[in-house]
Amino acid sequence: MATSNETHQPQEKFKTLIGGQALIEGILMRGPDKQAIVVRSKDGLVKKVDDLKLSHRSPLTRVPFIRGIFTFGSSMVNGVRALLFSAEYFPEEEGEAAEPSKFEKWIERRFGSEKLEQFLIYSAVVLGIAFSVGLFILLPTLLTGLIPGLREHLLARNVCEGLLKILLFLGYMILISRMKDMRRLFAYHGAEHKTIRCYEARLPLTVENVRPMTRFHPRCGTSFLLVVICISILCGAFIRVSNTLARMGLHLLMLPVIVAISYEINRFAGRHDNWFTRLLTKPGMAMQRFTTNEPDDSMIEVAIEAMEAVIPEEEGADRW
């Protein structure tokens, strides 16, 4: 049975483009001009605010479809950088911090600690993308290619690939949602959503106002990932070759197109509220039952601190 927290729908006064990400005992909030990282360390709240105005100069970030690729890449890099920042305050929770590898020591000696940090960030981004693409896009193609008698039946093969993609994605999300550390991370994710809901309802950002808000939000990264999977299934129907390696290569070539289309769909759904957009966001909202948990008041305090740091001075500047 759904709790009152899950069913309470605030009266949304406007839609903000401010979004966030759960971190290790913290939250990243990103607004139109600033990005804030707030972490609850052993010594209290730690806040880091960066100005984003310089990053918006490229006109490509405003071109439909192309902007989705830039936004996705930027979000990945900023997300990993924020995770590394939050991890700095909990390096010895499971024992002493890991000793840097010889390669990492060589990079730091040769190029300095800043270059080492950049190396770690971009390596994590590449590995994260490779893992996601390999598990949710390429693996289903490989597995269906191993089924006897299915290789030449393209329609049946596309259906099987699509089902495998959905099952792998759902299974992965359900599996990690049961991990102890991830349950706490997903509670911070819920605090982020609740705080944004409260802000969009034009209510004062207090723990008392945020607490009863729903933890589900239509403009969420979970929805974006699910849309990417669904668009990849639709695009896969246009691949008319039976060779498994060739199909995997074509899936990789289509990935930028898939990301671009998925971003525009999420953007459209975020800017409008009608039966069609509610239908589009419903699967992503359902997935948030696994990727968000109810937060405690201390988590909500972190989310409020991060949100207040990125709200633009000019009212309405963050409107979708």
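Before moving on, here are some points about what is shown:
- Test: residue in region 235-243 that is among the charged types (D, E, K, R), in a loop (DSSP other than H, G, I, E, B) and open to solvent by 60 Å² or more (accessible area, probe 1.4 Å): yes
- Search result, residues across region 136-169 that are under 21 Å from the mean Cα position of the chain (by Cα) and open to solvent by 40 Å² or more (accessible area, probe 1.4 Å): I166, L167, L168
- Each residue in region 253-288 was checked for being without any contact (Cβ under 8 Å) to a residue 60 or more places away in the chain and under 16 Å from I174 (Cα atoms), and 1 of them qualify.
- Candidate set from region 60-103 (those that are basic (K, R) and at pLDDT 70 or above); member that is surrounded by the fewest Cβ atoms within 10 Å (Cβ to Cβ): R62
- So F131, is it under 26 Å from I37 (Cβ atoms) and either open to solvent by 20 Å² or more (accessible area, probe 1.4 Å) or at pLDDT below 95 (or both): yes
- Residues that are in contact with a helix residue (DSSP H, G or I) (Cβ under 9 Å, 6 or more places away or on another chain) and aliphatic (A, V, I, L, M) were ranked within region 73-89; the one that is nearest to A260 (Cα to Cα) is M76.
- Residues within region 186-212 that are assigned to a helix (DSSP H, G or I) and open to solvent by less than 40 Å² (accessible area, probe 1.4 Å), tallied: 17
- Screening the candidates I129, I166, I121 for the property of being farther than 30 Å from R289 by Cβ and either of a type outside the set (D, E) or touching a helix residue (DSSP H, G or I) at 6+ places or on another chain (Cβ under 7 Å) (or both) yields one hit, I121.
- Note on region 282-320: residues that are charged (D, E, K, R), assigned to a helix (DSSP H, G or I) and either surrounded by fewer than 18 Cβ atoms within 10 Å (Cβ to Cβ) or touching a Pro at 6+ places or on another chain (Cβ under 8 Å) (or both) amount to 4.
- Selection within region 303-320: residues that are aliphatic (A, V, I, L, M) and out of contact with any helix residue (DSSP H, G or I) (no Cβ under 7 Å at 6 or more places or on another chain). The member of this set that is farthest from Y172 (Cα to Cα) is A317.
The values are calculated or read from the model by the stated rules, or taken from the named source; none is laboratory data. Note that this is a predicted model, so its numbers are computed, not measured. Cβ: placed from backbone, ideal geometry, glycine included. Neighbour counts: every protein chain shown. Remember, those area values only see protein heavy atoms, side chains included, never the ligands or the DNA or RNA. Shrake-Rupley method; radii C 1.70, N 1.55, O 1.52, S 1.80 Å.
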